[in-house]
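Structure, as structure tokens:
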Amino acid sequence: QKAFWEVVYSFKMADTGIRRFNEVLELVGRKNGKSTDLASDGNFDLFLGSGGEDIVCASNDDKQASLIFNEVKGLSKRFEKIPRRFHNNLSIVKNNKNDSEVFKMSARTRDKDGRQISKAFLDEIHNARDNELYMSIWQSMSIAEEPLLMMLTTEGFITGGLLDKELKEVGAILNGEIEEDSYLA
């Protein structure tokens, strides 16, 4: 895990100094702590980030989107016993000091557009039949200076879905058919 996070955040573009990777696909077996691992990254930005960041925990259904969100929420509650810095409710965790917030979104969320997301955790993409949620998140990240879309999944059983599309793209990148420096798989 340490090596993974070092690769995600340590590589910068030489000409701009901006983080190299803005799209990450993490494919890990079941019950290996994927949600907790990503929640720790979300908490880092919530606690110590530059401020004003909107971080989304997303998945195909509300229950799955809540997994990472609830981990973030639980860590923020353990961090501070008296809620002065954080505001928690069913749909948002907000740091009142730096104005960063974590919220959840699912494929069933009605208004997916109109947000200014800087980081997204898109969980269980192996269950996504289409890329509607993925595209909504990317469009919401269009003005972020260093956006980061982290897709997290295990292998699935849906053929032709989002995971298959992403794996095909990764294969093309690895085979040199597509030149893409900002995608980490």
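A few points about this structure:
- Here the gap between E145 and W5, fully extended at 0.36 nm per residue and compared with their Cα-Cα distance, gives a gain of 48.5 nm.
- Helix-only [θ]222 nm of the chain, DSSP H runs n ≥ 4, -39500 (n - 2.57) each, per residue, nearest 500: -11000 deg cm²/dmol
- For the chain, the longest principal axis of the alpha carbon atoms and the long axis of helix 34-48 meet at an angle near 50°.
- Grouping the Cα pair distances of the stretch 98-172 into 10 Å bins from zero gives a pair-distance distribution of 18, 49, 28, 5, 0 percent in increasing distance order.
- Residues E124, E145, sorted by accessible area with the largest first, give E145, E124 [1.4 Å probe; ligands and nucleic acids excluded].
- Normalised alpha carbon radius of gyration of the stretch 52-91 [divisor 2.2 N^0.38 Å]: 1.25
- Our summary gives the stretch 51-166 a relative contact order of 30 percent, counting only alpha carbon pairs under 8 angstrom and 6 or more residues apart.
- The stretch 12-127 - accessible surface per residue (Å², probe 1.4 Å): 53 Å²
- Restriction of the chymotrypsin sites (Phe, Trp or Tyr not before Pro) in the stretch 96-185 to DSSP coil positions whose beta-carbon has at most 10 other beta-carbons within 10 angstrom yields F157.
- Helix 162-174 and the long axis of the chain differ in direction by around 60°, with both axes built from C-alpha atoms.
- Selected from N95, L67, A107, residue furthest toward positive end of dipole (the stretch 48-174; charges at beta carbon): N95
- Rounded to the nearest 20, the size of the Cβ-charge dipole of the chain about its Cα centre is 1100 debye, with Lys and Arg at +1 and Asp and Glu at -1.
- Cross-link table K34/K63; K2/K94; K2/K104; K12/K34; K12/K168, entries beyond 21 Å C-alpha to C-alpha: K2/K94; K2/K104; K12/K34; K12/K168
- Placing +1 on each Lys and Arg Cβ and -1 on each Asp and Glu Cβ, with no other charges, gives the stretch 34-98 a dipole about its Cα centre of roughly 440 debye.
- Computed with a 1.4 Å probe over protein heavy atoms only, the accessible area of I158 comes to about 40 Å².
- Taking only protein heavy atoms and a 1.4 Å probe, the accessible area of the chain is 50% carbon and sulfur.
The values are calculated or read from the model by the stated rules, or taken from the named source; none is laboratory data. Quantities reported herein were computed from a predicted structural model and do not represent experimental measurements. A quick note on method: Cβ atoms are made from the backbone with ideal geometry, for glycine too, and the neighbour counts reach across all protein chains shown. We work out accessible area using only protein heavy atoms, side chains counted, and drop any ligands, DNA or RNA first. Shrake-Rupley method; radii C 1.70, N 1.55, O 1.52, S 1.80 Å.
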